[in-house]
Amino acid sequence: MVSRNSISGEKSGAIAHPRLFAFASSSVVRNRNGSGIFIVKAQLHLKKNMPIMKKKILIIEDEKMINYFLETSLKKDGFSVEIALNGQEALHKVYHNSYDLILTDMMIPNISGLELIMRIKKSELNSNVAILVLSGLSSADLIVEVLAVGVNDYITKPFSIKVVMAKINQLLSKNISIS
């Protein structure tokens, strides 16, 4: 992983994918028996014309003010965001697009939150997607039930945007991979 506290493109403890980065300079050492080469320090530069892939998040929420608040916060942090206002729209998006994370309410028009989550988990494109629930429903039995069907975390409304962003970043950091 690339260290976030690095300055001017110098990365420490980094494993850099060669399709994304060009090594400008590096120091190399061998281990004691001479069998391994390790890059100790390297300056990394993004290759020109290489698109930076934003993490794609689907918000499923029927309250437009909450959507605006979440969408603004997520885009400010560099995420790509799509919104679905009801279950039908959400399922259409889930069946036709791949997401890194889905943020959903439990009370949305056209479908129960539990049924929606189960359909997402059975979908071809999003069966392994991270799901974070934001809901006004706080029944312990409901929370346990949705966690059992594959939800990664559950936050009750009203919520702190700092907590939501921390949970999103935590969930997405568990799923980082470069293909």
* To do: Sort out which residues of segment 51-65 are touching a Phe, Trp or Tyr at 6+ places or on another chain (Cβ under 9 Å) and either modelled with pLDDT of 95 or more or crowded, with 19+ Cβ neighbours inside 10 Å (or both), and write them in order of number.
  => Lys55, Lys56, Ile57, Leu58
* **Checking Glu82 against (1) closer than 17 Å to Lys56 by Cα; (2) loosely packed, with under 15 Cβ neighbours inside 10 Å, the condition it does not meet** => (2)
* Asked: In segment 151-171, what count of residues is obtained for those that are surrounded by fewer than 17 Cβ atoms within 10 Å (Cβ to Cβ) and over 11 Å from Val133 (Cβ atoms)?
  -> 9
* Asked: What do you reckon, is Val144 crowded, with 18+ Cβ neighbours inside 10 Å and either modelled with pLDDT of 95 or more or in contact with a Ser or Thr (Cβ under 6 Å, 6 or more places away or on another chain) (or both)?
  -> no
* Asked: For Ser135, are the conditions met, namely being within 15 Å of the chain's Cα centre (by Cα) and at pLDDT 95 or above?
  -> no
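The values are calculated or read from the model by the stated rules, or taken from the named source; none is laboratory data. Note that this is a predicted model, so its numbers are computed, not measured. For neighbour counting, all protein chains shown are included, and Cβ atoms are generated from backbone atoms with ideal geometry for every residue, glycine included.
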